[in-house]
Amino acid sequence: MLFAVTAMAQNNGENKPPTVVESVKESNSLPNVDAVGEVQELEDSIYTCEAKNRAQFKGGDAAFRNYIFDKFVYPKRCFEMAISGSVIVGFVVEKDGRLSNLKIIEQSPKCPEFAAEALRVVRSSPRWIPGMANGVYVRSYHELPLKMSVE
């Protein structure tokens, strides 16, 4: 069985302040932006962060890949039929490191069981080290692409 976790860039490498990608406040108003373009903090905002400030699994990306590899159970039907596929899981790392708002962004139509298993494994992961913006922990959004293959 071949299994890959692909890291996705959180920004395009430019040195920019974190940006708000979603606000969970009831209003539909956008966050306030001051004259220099920095986002004023909103208590429930979700950020994307530069690579050095992004939330991460304790032990880093390699440890997370190992965690996924150890915990992921290849769906029986897909294994028996030698079906390969991919899933992209989106989630928020909260200020205390818990994961929330897990959702499937994209999944393999040949084996929808991949999506359920990916959600189970990511949901069961231990707390992460939260992302930081302006020296404080913030909620941050991540997308995790997973590719599965029987070999």
Of the criteria (1) more than 14 Å from PHE64 (Cα to Cα); (2) part of a strand (DSSP E or B); (3) charged (D, E, K, R), which one GLU143 fails: (1)
Of the residues in region 96-121 that are among the basic types (Lys, Arg) and at pLDDT 95 or above, the one that is nearest to GLN56 (Cα to Cα) is ARG98
Given the conditions (1) in a strand (DSSP E or B); (2) over 12 Å from the mean Cα position of the chain (by Cα); (3) without any contact (Cβ under 8 Å) to a residue 24 or more places away in the chain, and given that SER86 satisfies all but one, which numbered condition is not satisfied? (3)
Regarding GLU113, is this residue touching a Leu at 6+ places or on another chain (Cβ under 6 Å), farther than 30 Å from SER45 by Cβ and either surrounded by fewer than 14 Cβ atoms within 10 Å (Cβ to Cβ) or without any contact (Cβ under 8 Å) to a residue 60 or more places away in the chain (or both)? no
Total residues in region 116-142, condition among the charged types (D, E, K, R) and surrounded by fewer than 16 Cβ atoms within 10 Å (Cβ to Cβ): 3
So LEU102 fits all but one of (1) under 14 Å from the mean Cα position of the chain (by Cα); (2) in a strand (DSSP E or B); (3) within 17 Å of ARG54 (Cα to Cα); (4) of a type outside the set (Val, Ile, Thr); what number is the exception? (3)
Qualifying residue in region 61-71 (condition: within 17 Å of SER45 (Cα to Cα) and either of a type outside the set (Asp, Glu) or outside any helix (DSSP H, G or I) (or both)): no
PHE69 of a type outside the set (Gly, Ala, Ser) and over 16 Å from HIS142 (Cα atoms): yes
Could you run through region 122-140 and say how many residues are within 10 Å of VAL93 (Cα to Cα) and in a loop (DSSP other than H, G, I, E, B)? 3
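The values are calculated or read from the model by the stated rules, or taken from the named source; none is laboratory data. Note that the structure is a prediction, hence the values are computed from the model and not measured. Cβ: placed from backbone, ideal geometry, glycine included. Neighbour counts: every protein chain shown.
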